[in-house]
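The values are calculated or read from the model by the stated rules, or taken from the named source; none is laboratory data. None of the values given here were measured: they were computed from a predicted structure. In this analysis, Cβ positions are derived from the backbone assuming ideal geometry, glycine residues included, and neighbour counts consider all displayed protein chains. Only protein heavy atoms, including side chains, enter the accessible area calculation; ligands, DNA and RNA are left aside. Shrake-Rupley method; radii C 1.70, N 1.55, O 1.52, S 1.80 Å.
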Amino acid sequence: MAAFTVDVPALGAERLARARASLADAGIAAAVLFDPGNVRYVTCDGPFLVANLHCSYRWALVFAESAPVLWESAEAMHVARERWPHGDIRPAHAFTFFGSGPNSAGDATVAMAAVDDELRSRGLGDAPLGVDRAETVVFLALAGLGRRVVDAVPAIESARAVKSATELAIHRENARLTDLAVRGFLERMKPGMTELELWAVLAQETVSQGALHAESRLLSSGPRTNPWMQEATHRVVGDGEMVAFDTDLVGPYGYLTDISRSYVCGDAEPTREMREVYRAAHGFVHEAIPEFRAGRSFRELGALLGPRLPAEYRQLRYPFIAHGCGAADEYPAIVVDGHHDGELLPGMVISVEGYTGRPGGTVGAKFEEQIIVTDGAPELISHAPVEDRLL
């Protein structure tokens, strides 16, 4: 098979154009973005992504009608210049408490004054400034500069929700690589290993396929599969026990493959309860997938699909029926309760999921597939093995 390659500058241009159009539609002339997923979307990948999740060392000022500015950590500017030819790159004036200590507020004022100066140089002196998220010192600095801020998240998340043909190709390839990683994991899974050892195997298989990082380490076994949302521990997995995991995997080019699987470890005969919960989770997901057609409203899907989950599993249900995938788990979300407005659009990448376990039960099953919304039937792009012994 030929190597999968992407024209990264062209991909960046597509994403930037979509973000700018979305800002214009929202009436936001400019937005300063700190969320690493958003900064990546309008500029390029940066180093130390996980550290950047809790420490703002790069940010971007994106305009609805002109080229953006990226403030990058000084030691990584050469990386940004190689990856991003679409705007101005400047050294960031750091302001987090980690590096600035008691000087944090003053450093934030210096950093945001540079943003304010750039806005004024483009005739946006009195325009409201969109912000996605930031440390408190940023908001205090902007207020001190007389800047009125507005929420930029809806505009940027809406732009990210619909993928270009290039992005869809990346999602398909990343799903294929994840399938290969899961198959490799199954070949190595055996009784006597701990959950942490199994998670390490899954991590090795996925990173070997090019994964950047996982957003969680959700892997549990045996009775720890009920309830869900338990991370890997030193528990030793026994023969015939359930092993369930959620990939939450950010792969090559920074796009998420989020699937869940549950398997029987070893050769012992699975229990009746294992078969029941697995069939319920698998059936719920695969019966739901055909409903994900362009034009369906989020409210309609939530109201339709939520009641399909058998009553015995509702107390421990997973809150999401489905969610968007892009740079991370992202908008939109189809929920069991508290539905919101919006509709599925062609080009959205969605993970459809379900968890089934009885209160007080000895086991539970998690199952999740990834699809692309089209004008017709949804396209299933995840093909990791199912557990035939439980079907």
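Side notes on the structure shown:
- Whole-number D in µm² s⁻¹ for the range 324-391, Kirkwood Cα-pair radius fed into Stokes-Einstein, 4 °C, 1.567 mPa s: 91 µm²/s
- FRET efficiency for L180 and A17, using Cβ-Cβ distance with R0 set to 30 Å, rounded to 0.05: 0.35
- For the chain, the membrane-span-like helices by this rule, meaning whole DSSP H stretches whose C-alpha atoms cover at least 15 Å of axis and whose Kyte-Doolittle mean is -1.0 or above, are 8-25, 104-121, 165-188, 195-208, 272-288; this says nothing about an actual membrane.
- Considering only F320, I372, A64, and ranking their Cα positions along the charge dipole of the chain that arises from unit charges at the beta-carbon of Lys, Arg, Asp and Glu, the one farthest toward the positive end is F320.
- Shape category assigned to the chain from the gyration tensor of Cα positions, a/c cut at 1.5: prolate
- Electrostatic dipole magnitude of the range 237-391 [Cβ: Lys, Arg +1; Asp, Glu -1; Cα centre; debye, to 20]: 380 debye
- Antiparallel DSSP beta bridges within the range 1-152, percent to nearest 5: 45 percent
- Estimated inter-spin distance, E231 and N103, nm [label 7 Å along Cα→Cβ]: 3.4 nm
- Ordering of 5-11, 258-264, 231-237 by burial proxy (mean other Cβ atoms within 10 Å per residue, highest first): 258-264, 231-237, 5-11
- Per residue, the convex hull around the alpha carbon atoms of the range 1-93 comes to 112 Å³.
- K190 sits among other residues whose Cβ lies under 11 Å from its own Cβ, and their net charge, with Lys and Arg +1 and Asp and Glu -1, is -3.
- Average silhouette area of the range 168-327, convex hull of alpha-carbon atoms, in square nanometres: 9.7 nm²
- Peptide ranges 106-119, 242-255, 350-363, 141-154 listed from the most packed, as the mean C-beta count within 10 angstrom indicates: 242-255, 350-363, 106-119, 141-154
- Computed on protein heavy atoms with a 1.4 Å probe, the accessible areas place F97, F320 in the order F97, F320, largest first.
- Estimated dipole of the chain in Debye, rounded to 20 [Cβ of Lys and Arg +1, of Asp and Glu -1, Cα centre]: 140 debye
- Estimated FRET transfer efficiency when R0 is 30 angstrom, pair S216-D126 (beta carbons, to 0.05): 0.10
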